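Written out below as structure tokens is the structure these notes cover.
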Amino acid sequence: MIEEIKNLIARIDTFNITSQDDLEKFRLTYLSKKGSISDLFAAFRNVPPELKKETGALLNKLKEAASSKYEEHKIKLADTEESFKGDLTLPAEPLVLGSRHPVSLIRREIVNIFSKIGFTVAEGPEIEDDWHVFTGLNFPHEHPARDMQDTFFIEKDPDIVLRTHTSSVQVRVMENTKPPIRKIFPGRVFRNEAISARAHCIFHQIEGLYIDTNVSFADLKQTLMFFAREMFGEKTQIRLRPSFFPFTEPSAEMDVSCTICGGSGCNVCKYTGYLEILGCGMVDPNVLEASGIDSEKFTGFAFGMGLERTAMLKYQVNDLRLYFENDVRFINHFRSSY
């Protein structure tokens, strides 16, 4: 038996293992329950007592040699064969890049357009007080915009509201800046409205303010015409309809020719061929005086538009709700709009 053990140790040393099949064959031959080493341990009980010590030491040496060789080659083969089974000559998989949200794209484009004619960006808080949202903008106390069905008020402090327009930033700028003022104010606003294809309780605005000496309504019209044609193309038509806003006088609403239907009429433009995108007007003298600006010396105009509504025209999307549903399939349409 001693000679048989010595022969097995020699065969284990010379056993060539180069693959997983060789490794498995080695395990079955020597280390499995039906392998040679198990048979020798079973026969060990029949060894004469005077030979048990020598034979037992050789058996342990045999088992240790087989186990060590098996573990060593198992690790080597795992590092070489199992770590990578692909074709290293293939090109790498392309990285999928994210997309900018269409509202962010529109905001950036509008900012760039107005920056061409000297407007700079100013921002303010979304949680505001009554003065900056209403009183400083000439809203009378009985105005419906102050009602809870139109505005989100903070229950514990009725003087605090979620701003309903970025005009509140205009007040802050007028309070702290001496004319001339030429600013635009992008931001998120909130109104207590029913959600539909054309309206949402959360949306984004960008407003503009220009105050200087001898500013006229003609300046306002030409500024808005420049914006509309830069945004929607040289063939874009605009129309100004008389309107009323507490903070401007005279006031108007501006429509642009509908890019979704080409002016033929659709559900978005209510089959008129035009879509309202902004309100505008000359800054009311009361607003100037409330912020400490001399209305006898300075005049100005203001305008404000919804970014989602502008994006509807720009990208021909006919449902405002799509901008808030975080559907990656929708966002991916704007991947090439960087």
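Any read-out appearing in this document is the output of simple, stated calculations on the displayed coordinates, not a laboratory observation. Note that the coordinates shown come from a computational prediction; the quantities given were computed from them, not determined experimentally. Cβ coordinates were reconstructed from backbone atoms using ideal geometry, including for glycine residues, and neighbour counts include every protein chain displayed.
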Helices (runs of 4 or more DSSP H) contained in region 99-207 and holding at least 1 residues aromatic (Phe, Trp, Tyr) and touching a residue at least 24 places away in the same chain (Cβ under 8 Å): 102-115, 130-133
Out of Glu230, Glu234, Glu276, sole residue that is among the charged types (D, E, K, R) and in contact with an Asp or Glu (Cβ under 8 Å, 6 or more places away or on another chain): Glu276
Thr164 closer than 19 Å to Gly279 by Cα and either touching a strand residue (DSSP E or B) at 6+ places or on another chain (Cβ under 8 Å) or crowded, with 18+ Cβ neighbours inside 10 Å (or both): yes
Leading residue by the ranking (surrounded by the most Cβ atoms within 10 Å (Cβ to Cβ)) among those in region 245-304 that are of a type in the set (Asp, Glu) and assigned to a strand (DSSP E or B): Asp255
Ser295 vs. criteria of a type outside the set (D, E, K, R) and farther than 19 Å from Gln205 by Cβ: yes
Cβ-Cβ under 8 Å pairs, at least 6 apart or on other chains, region 260-272 side more than 15 Å from Tyr315 (Cβ to Cβ), far side among the aromatic types (Phe, Trp, Tyr) and in a loop (DSSP other than H, G, I, E, B): Gly265/Tyr271
Residue in region 82-93 that is farther than 30 Å from Pro186 by Cα, in a helix (DSSP H, G or I) and not β-branched (Val, Ile, Thr) present: yes
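Restricting attention to region 1-37, report how many residues are among the polar types (S, T, N, Q), closer than 24 Å to Ile75 by Cβ and without any contact (Cβ under 8 Å) to a residue 60 or more places away in the chain.
Residues that pass the stated criteria total 6.
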Residue under evaluation Glu230, criteria (1) crowded, with 17+ Cβ neighbours inside 10 Å; (2) touching a Phe, Trp or Tyr at 6+ places or on another chain (Cβ under 8 Å), criterion not met: (2)
